[in-house]
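The values are calculated or read from the model by the stated rules, or taken from the named source; none is laboratory data. Only a predicted model underlies this, so the values are computations on that prediction, with no experimental measurement involved. Here the Cβ positions follow ideal geometry from the backbone for every residue, glycine too, while neighbour counts run over all protein chains shown. Note: areas computed on protein heavy atoms with side chains; ligands, DNA, RNA excluded. Shrake-Rupley method; radii C 1.70, N 1.55, O 1.52, S 1.80 Å.
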Amino acid sequence: MQISYVGQYNKNAAQAVGTPVPAAAVSSLTASIKDLAPGSIFEGNVSYVKGTNVILSLENGQNIHARLDNHAPKLVQGQSMFFQVKANEGGTVSIRPYMGGGTANPTLMRALEAAGLPANERNLQMVNAMMKEQMPIHAEALLDMHRVVAANDTVNVNTLVQMTRLDMPVTPQLAAQFENYQNDTYMLLGQMDEFMEQLPQFLETQVTDVPHLVQMNTELLGILTEGLEEEPVLLTQEETQEIAVPPEGESVTQTRMTLPPLDTVGTGEVEGLFLSGIAGDEGSIQGAQTQTYLPDQIGTLFDGQTEEEFSDVLRSIGSLAENEAVFDEDGALNRDLTARQLLGFIDQELVRAQDTLEPDDVKDLFSQKGYRKLLNHVMEEQWLIQPQDLKTKDKISELYERLNRQMEQIDKVLRATGNSQSPLARSTEQIRGNVEFMNEVNQIYNYVQIPLKLNGQNANGDLYVYTNKRKPREENGELSAFLHLDMEHLGSTDVYVKMKGKAVDTNFSFSDDASFDLVQKYLPILDAKLTALGYDTTITVKNDDKKVDFVEDFLKKDLPGGSSAGVVHRYSFDVRA
């Protein structure tokens, strides 16, 4: 209910508080008081105040007797301001001064009045946010937006308005992801890391018997090793050396996910060069290291202490100590086994010996650092991409299809076991929500995060391809790229690239002099690689810093007030060195 009559306060203030009011006016006043629902906002002039009792004069000559909130600031007789109704029971109206929601702007109040909407706090915020987003605030537009706001009463009004402005579907889940992207807390790799950390903790804290615990572990392993080598087979040293890269997941049929493969955005050569350079040049900078075992073998994954402690636990699980594929004749763990092979042998033995095992023995296994490393490695195999694989057709789409499917399957396992409210379930929901949000963004723009596996580190990459699908890119047009790196030792690093035909203009910006000197040393390598590919390059280096806002600089770029000139491709990586 809105009562907006400030214009004649001076006339009302002159009326004595005890002056009799005509019967018609009393009837009207009574109706107005009944209409003052909790949350309503109205304007009034303080005619009388003593303690918490106050009489307010309205523009139409009426007076309202009300009781102030106990924590309300001190009011002064003759003061004009806005009030919000806290309660209206038994003819007693409880109010408090209201200073928020843009009530200083009479346009908001008039717009709500014209639409027949109550002037409560969320509605005032709604109109204010719509004006800031340069949206129309006529009655029809307000009613449409009010339906969205009313249907999502737990979501921030500004978020709802911005998503509607961007023509994005609105649900509480997508709104939460939208706010994550606004607040720079959206990194998929961080959500994956959280899931990897919580999975073994979840297993070791389950209060159940051994058969159910083993069954849960078997089901989760089956999901996480989907498409990887299924049966644990002992390999000879010669056979092991032939495995150059772990097998990738099997191809899947694209369903609703529409995240684009990199080779569809027209920048395959450039992004491949930069990304492979990031991964490949690290070894030359840090110095080559001799490696006896492949990256997914136990000899690489475990240090001496982890291997020793984990071996002791494995020997206590059934008859694993007698398995020649797991331990050699001297009782040492077979270092040639891959992570998924050893997990397979452990799972087989848990299933076979479950009737003889104690719950504490199984939970002790799950809590071991070695078991955590094995689980983390198979998840990284599934969910991280090596830079050299980025040009493979459908690689990104397959990753997200697999990730979304596995999270859905894990969610079903958690629900079936009564763990739908666990931290692991929340992580699962967060990952699925992030993938769904990226899919929705891709209905309009090309955008995807790329969880990368680099040498000695994992990195989260954001591939911004500013090509509005409603406005196709012009042939032979200029491409602009932005690459952001946040590295432990290099600090903040920005790379701006403009390319037209074979002409490439590149600008590097660094936050400190040490990074400037280090990268400048290796710029001739980049120049030589680009030249060898037939590009005419211009490279400059400077000290500068630029922050890219996902919502303002990417999603809103085509909106009024945004720059629609050119096509902007942004590659942003949050790298932990």
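Assorted remarks:
- Among 112-118, 523-529, the order from most to least packed when residues are scored by Cβ within 10 Å on average: 112-118, 523-529
- Highest average packing first - 299-312, 424-437, Cβ atoms within 10 Å: 424-437, 299-312
- Fully extended contour minus Cα-Cα distance, from D360 to E89, at 0.36 nm per residue: 91.6 nm
- From the alpha carbon centroid of the stretch 315-379 to that of the stretch 41-58 is 75 Å.
- For the stretch 116-233, the solvent-accessible area works out to 44 Å² per residue, with a probe of 1.4 Å and every protein chain left in place.
- The length gained on full extension between A532 and Q421, counted as 0.36 nm times the residue separation minus their Cα-Cα distance, comes to 34.4 nm.
- With every protein chain in place, the stretch 285-402: carbon and sulfur % of accessible area (1.4 Å): 40 percent
- Cα shape, the stretch 303-439, gyration tensor, a/c 1.5 rule: oblate
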